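Quick notes on the structure that follows.
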Amino acid sequence: MKRFLILFLTVIVISCSKDDELSIPGTIDPLSSADVTVQDFMWKAMNFWYFWQADMPDLADDRFADSETYTAFLESEDDPGAFFDNKLLYIEDRFSFYNSDYRVLTQSLAGISRSNGLEFGLVRKANSDEVFGYVRYIVANSDAATKNIKRGDLFTGVDGQTLTINNYADLLFGDNDTYVLNMADFANGDVVQNDEEVSLTKQEALAENPVFISKSFEINGITIGYLMYNQFTNEYDNDLYDAIAGLKDVGITELVLDLRYNPGGSVNTTRLLASMIYDTDNSNLFLRKRYNDKVQEQLSESQLEVYFTNEVEGNTIDPLRLSKLYVLTTASSASASELLINSLEPYMDIVHIGDVTRGKNEFSTTLVDDRENSYLYTPSRVNQINSNNEWAIQPLLGRNENADGFSDFTSGLVPDILLKEDYDNLGILGDLNEPLLARAIQEITGTTGKTDFTVQNPIEIFSSSKRYSPFKDKMIDDTHYNTNLE
């Protein structure tokens, strides 16, 4: 009897029979006496899947002549993490990473993490090693939501220690469950510590609904929708559907989509949102995948192409059918956020407002030590993962082209209207006078309540709280395929 299998968090189609599965070339095994289980998994998974496999001599199919030389290579780093970073990554790869526990990695796609709910950006002071943070927003139902801290607040220290380029990661993102932020003010052109303190405690399994704000405005007879969406999280696809449906119900004719703090996520959710905004015609190509030659040659065109869709979790999409979309971004807008903009470009007029995006144009997936499943993480097969190896890797596997064949935005997508955030004038998210939203409304209506868009203190972030979550800025190809297996 045939059954349908949906591969979640995977990027590959298993063809119509088991005899047609992906062919992974045979490779040499390490000596049985060696303690290199994790490194062996990492090398073999990267040898097959990695986008830059052909550019890495140490990942070549014929790199090792026998088990002895292969084992010696695997033993060259005792720490699997160091082995992954130092031996397997291409010099241009900014985004592949690993985790010693696949559960932590896979939960992050559902918006679940260990967090105190404070989302912030980090800025390095000019001509200094010192760092300060500015609060972007607070996650609902978090510890931070119960404390006296809000968007726009500044901090320069943790537990009495001044933040620097060398210690910020340990102080803010270390194993400490609780820390005290030393708050600051902006005075005379400088960020200066004051006497205020805020104690924050990280929570296990804090879930963040990425549909942060959904509202509409009636301005000069135009009904404008505003949606702030902070992560392409597939666990909240119905919430996203409800938000768009609600905006359609009030009759919006223009939409401002705020992706300024959205680091990316699910490719399938990106496709769903694009279909809700533009159209559900599933003959329109949303993206075309490009893998390394080893994978690409085994797949047909139909297996590499993803189209718009008319359904989300059993609900029929009634699209907005807009011809123009206003998108707000910062340097933290990455991966799936950039994918949405790029994949809608051939079909809509995209008015891009804000800062240049991060420039993450490769997709990835979670690979685990399940060799019979081509190393692909599949929830229904967790019992098949090697019990002696809980490590997972998240390598870049390919690039997504839009319908015009374009995918080259490694340097980021450049806005039509450049407007950086100002840490001394962040404004209230969703408020008509918040600078980026006000600028979009001016573009739509020709008028605005805000008369001056001068940026006195432009934010040039070098990092943020999102980059240190297990999720980071992944673009996860979880587009769903139905496959017939006996």
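Between amide H atoms placed 1.01 Å from N, distances below 5 Å from Tyr326 occur with Leu255, Leu257, Val351, all of them 5 or more places distant or on a separate chain. Relative to the longest principal axis of the C-alpha atoms of the chain, give the angle of the C-alpha long axis of helix 37-49, reported between 0 and 90° and rounded to the nearest 10°. It is inclined by approximately 80 degrees. Extension gain for Lys150 to Arg321 (0.36 nm times residue separation, less C-alpha to C-alpha distance): 58.0 nm. Length available on full extension from Leu418 to Thr447: 0.36 nm per residue minus the Cα-Cα distance, which gives 8.6 nm.
Let me have the 222 nm mean residue ellipticity of the chain computed from DSSP H runs of 4+ only, each contributing -39500 (n - 2.57), with the sum over all residues rounded to the nearest 500.
Numbers: 11 runs with 90 residues, N = 486.
Result for the chain: -5000 deg cm²/dmol, rounded to the nearest 500.
Which FRET efficiency, nearest 0.05, do Asn209 and Asp58 yield, Cβ-Cβ r, R0 51 Å? Working from the Cβ atoms, E equals 0.75. Computing Rg and the Kirkwood Rh from the Cα coordinates of the stretch 338-470 gives a ratio, Rg/Rh, of 1.12. At q = 0.07, 0.10, 0.13 Å⁻¹ the log10 of I(q)/I(0) for the chain amounts to -0.39, -0.80, -1.28, computed by Debye summation with a single uniform scatterer per C-alpha, solvent ignored. Residue ranges 419-425, 404-410 sort as 419-425, 404-410 when ordered by packing (mean number of other C-beta atoms within 10 Å per residue, highest first). Model label points for Ile28 and Thr454, set 7 angstrom from Cα along the Cα-to-Cβ axis, are 6.8 nm apart. With the simple spin-label model, which puts each label point 7 Å out from Cα in the Cβ direction, the Arg94 to Asn425 separation comes to 2.8 nm. Projecting the Cα positions of Leu206, Tyr236, Leu257 onto the charge dipole of the stretch 193-270 (unit charges on Cβ atoms of Lys, Arg, Asp and Glu, taken about the Cα centre) puts Leu257 furthest along the positive direction. At q = 0.12, 0.18, 0.23, 0.24 Å⁻¹, what base-10 log of I(q)/I(0) does the Debye formula yield for the stretch 201-273 when every alpha carbon is treated as an equal point scatterer in vacuo? Scattering profile of the stretch 201-273, log10 relative to I(0): -0.36, -0.72, -1.03, -1.09.
Note down the relative contact order for the stretch 129-274 as a percent, whole number, built from C-alpha pairs under 8 angstrom at least six residues apart. Walk me through the numbers before you get to the answer.
Working: 245 pairs, mean separation 25.2, N = 146.
This gives 17 percent for the stretch 129-274.
A quarter of the convex hull surface defined by the alpha-carbon atoms of the stretch 22-120 gives 8.6 nm² as the mean projection. Of all aspartates and glutamates in the structure, the ones whose alpha carbon falls short of 15 Å from that of Lys294, not counting any fewer than 8 places away in one chain, are Glu21, Asp55, Asp61, Asp62.
Over all distinct Cα pairs, what is the inverse of the mean 1/r for the stretch 39-177, reported as the Kirkwood hydrodynamic radius in Å? Don't skip to the end; give the middle numbers.
On the way: mean 1/r = 0.0539 Å⁻¹.
One decimal place: 18.6 Å for the Kirkwood radius.
With 0.36 nm allotted per residue and the present C-alpha distance subtracted, the Ala82-Asp35 stretch has 15.4 nm of extension available.
Here the spin labels are modelled as points 7 Å beyond Cα on the Cα-Cβ line, and at Asn220 and Phe186 they lie 2.8 nm apart. With Cα atoms defining each centre, the stretch 288-331 and the stretch 143-177 are spaced 38 Å apart in the structure.
FYI, it's all coordinate maths here, none of it is from the lab. Everything numeric here is computed off the predicted structure, so don't read it as measured data. Because the Cβ atoms are built from the backbone with ideal geometry, glycine has one as well, and the counts that use them run over all protein chains shown.
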